[in-house]
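First comes the structure, then the notes that go with it.
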Amino acid sequence: MSADTTVPEKKPDSAGTSSTALTQPAAAMTRPWHVSVDSVSSDQLSLDVTALYPSASDKTTTIPGAVCATQEITCKKLHLIVQDSVVKDQLKQLHQGDHIQVVYSTDTTKNATVLKALTVDSVSSTAGVWVMLGSVIIGLLLCCCLSGFKPQQLIIGQDNRYSNSKFQMALWFFVLITSYIAALWIRVWAAGTDFIGGVNIPNNLLLLSGMSVLTYGGAKAITSTKSGAPGQTSKTTADKPRFLFDLTHDDGVPTQPAQAATGNQPAVAAQPAIPPQFDFGDFQMLIVTLVAVATYVVLILNFFGTVSYTKVTSLPDVDTTLLAAFGLGQGAYLTKKAVGNVGTS
């Protein structure tokens with residue numbers, strides 16, 4: 001047993017019934033107990049826990065060795081019976097090793113300890129911004145090392161222009177992986193090494209990440225299929241990449257030389273070059289991506305504001321509106337690529 005646990009004993013209350021009290025000072029007698037979950041029955045009708053301490057501010061409370069030696073089962077373990085349907089539903093979310101706060105009473109007629117209420121232990125953290133910043137720095141350092149200190153090459157296409165599909169995939173992956181690393185880091189920092197790992201990714205977040213990858217793959221496939229096809233202009237190579245310009249404009253069309261008549265094909269006059277034009281499809285994809293990233297960064301920082309003592313947790317999920325907007329943006333971008341010309345879509 002933890003040295004911070006107190007020995008529960010039965011003490012009559014003012015109504016003459018039996019209730020749980022502590023042998024410690026009166027101030028601690030009415031406080032809920034902080035316990036560690038050992039196991040939850042499959043039918044959610046009972047819970048086995050190990051007592052830790054009476055309150056977060058009373059962790060130094062100790063039990064005299066002689067008392068603990070004679071009442072080891074009482075001072076270490078509790079078998080709690082669940083009778084309330086709300087509490088029963090709460091038990092479905094618990095895992096072995098979770099730290100929770102419980103309020104219980106003793107039913108003398110049934111010789112049972114009844115769980116009245118529970119809450120998951122948590123600690124407020126002001127380190128969320130710093131943890132996220134540290135994760136970003138670690139991610140950037142890894143990216144620089146693996147790319148030969150040219151991380152921009154990850155989002156520049158073969159035509160020497162910044163690629164919308166590469167940019168949105170790289171940005172979203174970077175936010176997701178740094179958030180995951182930060183979640184692991186802050187759980188260990190605030191709750192201890194017992195709570196490392198156990199960070200799940202919710203469904204909407206997985207779907208959004210999958211859309212990002214599919215858009216990149218789809219755009220690449222469309223461009224490769226169209227290049228060199230009849231009626232399609234060849235994709236030109238830019239002199240130098242320009243970040244915002246490349247992400248919001250098409251590639252333009254180079255000068256097309258005149259073609260002499262051959263067989264059944266009539267002569268084609270020379271066509272002047274068409275400079276890059278502002279492209280609404282590229283623009284809306286960029287805006288939707290930035291809105292999604294900004295929204296999720298706010299969600300993750302709020303998530304880091306409170307760290308729960310649970311063995312399994314999930315990163316914050318994105319709402320269905322944001323998921324739908326992101327999907328529509330990606331779909332519109334791919335449709336534009338599919339029906340347009342290689343150089344102007």
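The values are calculated or read from the model by the stated rules, or taken from the named source; none is laboratory data. Predicted, not measured: the structure shown is a model, and the values here were computed from it. Virtual Cβ from ideal backbone geometry, glycine too; neighbours counted across all protein chains shown.
From the list 139, 134, 128, 97, which residue is at pLDDT 90 or above and within 19 Å of residue 308 (Cβ to Cβ)? Exactly one of 139, 134, 128, 97 is at pLDDT 90 or above and within 19 Å of residue 308 (Cβ to Cβ), namely 97. For segment 124-142, the set of residues classified as in contact (Cβ under 8 Å) with a residue 24 or more places away in the chain and closer than 13 Å to residue 177 by Cβ consists of 132, 135, 136, 138, 139, listed by residue number.
May I ask you to verify whether residue 239 is surrounded by fewer than 16 Cβ atoms within 10 Å (Cβ to Cβ), in the same structural domain as residue 284 (by TED's automatic domain parsing), farther than 26 Å from residue 129 by Cα and among the charged types (D, E, K, R)? Please lay out each step first, then the result.
Details: surrounded by fewer than 16 Cβ atoms within 10 Å (Cβ to Cβ): yes; in the same structural domain as residue 284 (by TED's automatic domain parsing): yes; farther than 26 Å from residue 129 by Cα: yes; among the charged types (D, E, K, R): yes.
In short, yes.
Restrict the check to segment 97-105 and report whether at least one residue is more than 30 Å from residue 41 (Cα to Cα), among the small types (Gly, Ala, Ser), touching a helix residue (DSSP H, G or I) at 6+ places or on another chain (Cβ under 8 Å) and outside any strand (DSSP E or B). Checked segment 97-105: no residue is more than 30 Å from residue 41 (Cα to Cα), among the small types (Gly, Ala, Ser), touching a helix residue (DSSP H, G or I) at 6+ places or on another chain (Cβ under 8 Å) and outside any strand (DSSP E or B).
Taken over segment 127-137, the criterion of being loosely packed, with under 15 Cβ neighbours inside 10 Å and in contact with a helix residue (DSSP H, G or I) (Cβ under 7 Å, 6 or more places away or on another chain) is satisfied by 129 alone. Does any residue of segment 152-172 turn out to be surrounded by fewer than 12 Cβ atoms within 10 Å (Cβ to Cβ) and farther than 24 Å from residue 214 by Cα? Within segment 152-172, none of the residues are surrounded by fewer than 12 Cβ atoms within 10 Å (Cβ to Cβ) and farther than 24 Å from residue 214 by Cα. Scanning segment 167-222 for residues that are β-branched (Val, Ile, Thr), in contact with a Ser or Thr (Cβ under 8 Å, 6 or more places away or on another chain) and in a helix (DSSP H, G or I) yields 178, 181, 186, 215.
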